[in-house]
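The structure appears below as structure tokens.
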Amino acid sequence: MTQSAAAQKPPATPRRLDPEDAQTALAEVQERLRRQHLVEELVHRQEEGDAKAPLVEDLVHRQHEAELKTLVDGLHPADIAFILESLPKDERQAIWKLVSPEHDADVLLEVEDWVRESLIEAMDRQDLVAATESMDADELADLAPDLPPDVVAEVQKGLTEEERAQLLEAMGYPEDSVGAIMDFEMVRVREDVTLEVVLRYLRRLHELPDHTDQIFVVDRQDKLQGILPLSRLLVSEPETEVRAVMNSDFLTLNPLDSDADAAGAFERYDLVSAPVMDDQGRLIGRVTIADVVDVMREDSQEQALSRAGLQEEDIFAPVTTALRNRAPWLLFNLCTAATASFVASQFEGTVSQIVILAFLMSIVAGIGGNSGNQTMTLIIRALAMGRITGRNLWQLVKRELFVTLLVGLCGSVVAALFAWVISHSVSIALVMMAAMICNMLVGASVGVLVPMVRARFGKDPAMGSSVLLTFATDSLGFFIFLGLATIFLL
């Protein structure tokens, strides 16, 4: 390029990525959709019976579509995905039709699974093939379960033998494994070449794979010998051989390792990428920080939903779908609440004679539940991080019970003072104090045992845990408080 041509080229416009930009774009899309519906309805009413009405309505519709398309085309695929996830199905499909074909693949990879299904349903076979044929093998493997089999077969025809083998390999690994998230794009070199040769090789590439912070050193059988950090490559003498500067001490992953374990390793060792080796020591892929961030985000969302007994669903899904998702645990919660009420009803005589107990027993149940929720949150996080083992379990249980006892002693004094103020009875205050400590210990015990037992049997430790905790602290809290009141106050 000549100097004059370079001078005439307009400077690039920097774009600051900000989550608030997506929210602003969403609000603008919603407003334009609202105005489009309003104008079309107004035109339809005013021109009813007029032969030109359909033409006017079509003109208005096309104008609004052009405005929306211009707005959507200027967004990052991740922002487009956010907008699609935030719209009802009808409006989502309308916006999806306006997305440029060049963004289809990126948007399909960015959106949540429950949105992706509805987007794929709205695409014809030709558009699906066009969107997926440019994807890498690992990306196509992520989408394959949601794609029609004939589309996957058609895309496979356009792959090289190596890419086809990579696709089949990635599809063969379990969903929550390292093999399911690993990337096949990476730079490999031999250990007996000089750094000058490596640099010339890198210059011949169009671009480096995303998140390349190290080059993998392999032998002729693709067995991993070491890693060459890019930082060391740039500062070392070009005449130096790779074997002299490569690291022989490095972390590797197995394709059958849990993706959560891989995420923990990335967090612990501040990794940007890590090689994936098979059982024979061959380098078959790598995991990058981008993959790990997605895993962490998905695990966090799943835990938040699981604790309430929910599964991921479209927020605009039909009512019947929402009922199937939410009703089971709500019905179970209804049964637990009924059990707690039944326990309280067995002490009707006690409550009728000392009416103030009816106002105090909710405090005992509530504090026990909050205490157990704190313990349960710590245990679930520790399980997710792999910090709980058979050797430290009992020590952890004793610690949590001791901490809960100390907190209970302090809190129960305040509760006893409150009970004494409103009842003017030292006996009621002492019963309140004892019941509160006991129920907090119950909450701590359940907070430890429920996640541990579920994890022991291979279940999600967070699934419905809060419902089970509430059941225990309410039922046993009422029983302990009213039982002590029956024994010592009557």
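Taking amide H atoms as placed 1.01 Å from N in the peptide plane, the amide H of residue 226 lies under 5 Å from those of 217, each 5 or more residues away in sequence or on another chain. Couplings for region 148-165, taken from phi via the Karplus curve 6.51 cos²θ - 1.76 cosθ + 1.60 with θ = phi - 60°, read x, x, 5, 5, 4, 5, 5, 5, 4, 5, x, 8, 6, 4, 5, 5, 5, 5 Hz in order; Gly and Pro are left as x. Taking the Kirkwood radius as Rh and the Cα radius of gyration as Rg, the chain has a ratio of Rg/Rh equal to 1.09.
Evaluated with a Cβ-only charge set (Lys, Arg +1; Asp, Glu -1), region 104-233 carries a dipole of roughly 1020 debye about its Cα centre, given to the nearest 20. From helices alone, the chain scores -22000 deg cm²/dmol at 222 nm; the rule is -39500 (n - 2.57) for each run of n ≥ 4 DSSP H residues, then divide by the residue total. Rolling a 1.4 angstrom probe over the protein heavy atoms with all chains in place gives region 154-202 an accessible area of 54 Å² per residue.
As a fraction of the 1.4 Å probe accessible area of the chain, surface on carbon and sulfur atoms comes out at 57 percent.
Selection among 397, 442, 427 by position relative to the dipole of region 337-490 gives 397 as farthest towards the positive end (Cβ unit charges, Cα centre). Compared with the dominant Cα axis of the chain, that is its longest principal axis, helix 19-46 is turned about 90°.
Remark: region 352-490 carries a charge dipole of roughly 580 debye about the Cα centre, counting +1 on each Lys and Arg Cβ and -1 on each Asp and Glu Cβ. With R₀ set to 35 Å, the beta-carbon distance separating residue 239 from residue 391 gives a calculated FRET efficiency near 0.10. Between residue 190 and residue 398, how high is the FRET efficiency from 1/(1 + (r/R0)^6) when r is the Cβ-Cβ distance and R₀ = 45 Å? Nearest 0.05. Given R0 = 45 Å and the Cβ-Cβ separation, E is 0.25.
Among 326-333, 384-391, the peptide with the highest mean count of other Cβ atoms within 10 Å heads the list, and the full ranking is 326-333, 384-391.
Close amide H partners of residue 214, meaning residues 5 or more places away or on another chain with modelled amide H under 5 Å apart, are 230.
At a temperature of 25 °C and a viscosity of 0.890 mPa s, determine how fast region 180-287 diffuses translationally according to Stokes-Einstein, using the Kirkwood radius over alpha-carbon pairs as Rh; express D in µm²/s, rounded to the nearest whole number.
On the way: Rh = 14.3 Å.
The calculation lands on 171 µm²/s.
Compute the angle between helix 356-384 and the longest alpha-carbon principal axis of the chain, please, reported from 0 to 90 degrees and rounded to the nearest 10. Result, in degrees: 30. P(r) for region 402-490, from all Cα pairs and a bin width of 10 Å, is 18, 39, 28, 12, 4, 0 %, short bins first. For a straight C-alpha distance cut-off of 13 angstrom, the aspartates and glutamates reachable from residue 157 (same-chain residues fewer than eight places away being disregarded) are 133.
Computed extension length for residue 230-residue 157: 22.7 nm, one decimal, from 0.36 nm per residue of separation with the Cα-Cα distance subtracted. Computed from Cα atoms, the angle from the helix 101-110 axis to the main principal axis of the chain rounds to 30 degrees.
Using R0 = 60 Å, the C-beta based FRET efficiency linking residue 426 and residue 24 works out to 0.50.
For region 266-380, state the semi-axes of the equivalent ellipsoid (square roots of 5 times the eigenvalues of the alpha-carbon gyration tensor), sorted largest first and rounded to whole angstrom.
Equivalent-ellipsoid dimensions as semi-axes: 47, 21, 12 Å.
Compared with the alpha-carbon gap, the fully stretched path from residue 279 to residue 418 is longer by 43.6 nm at 0.36 nm per residue. Ordering of 104-113, 66-75 by packing is 104-113, 66-75, highest average first (other Cβ atoms within 10 Å, averaged per residue). Taken about its Cα centre, the chain carries a charge dipole of roughly 2640 debye when the Cβ of each Lys and Arg holds +1 and the Cβ of each Asp and Glu holds -1. Descending by average beta-carbon neighbour count within 10 Å, the peptides 449-455, 122-128 line up as 449-455, 122-128, the highest first.
Once you put a point 7 Å from the Cα of residue 459 and another 7 Å from the Cα of residue 378, both along the Cβ direction, what distance in nm separates them? If labels sit at residue 459 and residue 378, their model points lie 2.4 nm apart.
The values are calculated or read from the model by the stated rules, or taken from the named source; none is laboratory data. Keep in mind that what you see is a predicted model, and the values were worked out from it rather than measured. Because the Cβ atoms are built from the backbone with ideal geometry, glycine has one as well, and the counts that use them run over all protein chains shown. Just the protein is used for accessible areas: all its heavy atoms, side chains included, with ligands, DNA and RNA removed. Shrake-Rupley method; radii C 1.70, N 1.55, O 1.52, S 1.80 Å.
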